[in-house]
Amino acid sequence: MRRLSGVLLAGAMLVSLTQNVFAQAAPTKFTMDGDLSLWSVAVNADKTADYEQILAKVKDVLSKSSTPEARQQAAGWKVMKMSKPMADGKFIYTHLITPVPGADYNILQLLYQTIKDPVEQKRLYELYRGAFGANLSLASGTIVIDMSK
């Protein structure tokens with residue numbers, strides 16, 4: 001009986017550990033609020049073409065999606081590259097986004113929703129990881145005055 005309870009306890013611990021590992025591995029949803037969001041990231045100078053390749057893939061995935069939310073994300077998302085690098089050589093890319101409420105802007109997750117081949121997912125991850133320098137800022141808010149109107 002003692003041995004059986006030990007086996008059951010070990011099994012329960014293994015199940016609990018496995019559930020915790022999978023819970024931690026769940027992707028984080030990256031949402032934005034307000035009328036406009038400005039999200040700036042630093043990209044390694046020698047990898048700007050890789051970063052732009054990832055962004056072009058995201059644009060392709062969103063614009064070809066059958067969901068209105070994804071197409072709305074694509075329509076409200078522009079990316080600007082700074083003309084000159086920062087002192088450390090990295091380039092700042094600022095994403096100008098009209099947020100879709102509740103939509104996920106996690107770049108890799110957007111790609112993984114339609115790209116299911118693990119080899120291609122890994123290639124895209126490595127491309128993104130190699131290019132990405134740092135998150136610099138995220139500013140979201142409400143437009144209080146629209147000078148164009």
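The values are calculated or read from the model by the stated rules, or taken from the named source; none is laboratory data. Values in this document were obtained by computation on a predicted structure and should not be read as measured data. Counting neighbours? That spans all protein chains shown, and the Cβs are built from the backbone with ideal geometry, glycine included.
Here is how the numbers come out for the structure above:
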item: Enumeration of residues in segment 57-101 that are among the small types (Gly, Ala, Ser), surrounded by 15 or more Cβ atoms within 10 Å (Cβ to Cβ) and either in contact (Cβ under 8 Å) with a residue 60 or more places away in the chain or in a loop (DSSP other than H, G, I, E, B) (or both); result: SER65, GLY76
item: Pick from segment 114-124, criterion assigned to a helix (DSSP H, G or I) and in contact with a helix residue (DSSP H, G or I) (Cβ under 8 Å, 6 or more places away or on another chain), ranking: nearest to LEU36 (Cα to Cα); result: LEU124
item: Conditions (1) over 16 Å from the mean Cα position of the chain (by Cα); (2) surrounded by 13 or more Cβ atoms within 10 Å (Cβ to Cβ): number failed by ASP104; result: (1)
item: Criterion (in a helix (DSSP H, G or I), surrounded by 19 or more Cβ atoms within 10 Å (Cβ to Cβ) and either in contact with a Phe, Trp or Tyr (Cβ under 7 Å, 6 or more places away or on another chain) or not basic (Lys, Arg) (or both)) met by exactly one of LEU127, LEU111; result: LEU111
item: Any hit, segment 15-26, residues being of a type outside the set (Phe, Trp, Tyr) and at pLDDT 90 or above; result: no
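Per-residue answers, yes or no, for (1) of a type in the set (Gly, Ala, Ser); (2) within 20 Å of LYS29 (Cα to Cα):
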{"residue": "ALA70", "(1), (2)": "yes, yes"}
{"residue": "LYS84", "(1), (2)": "no, no"}
{"residue": "ALA87", "(1), (2)": "yes, no"}
{"residue": "ASP104", "(1), (2)": "no, yes"}
{"residue": "TYR112", "(1), (2)": "no, yes"}
{"residue": "LYS122", "(1), (2)": "no, yes"}
{"residue": "ASN135", "(1), (2)": "no, yes"}
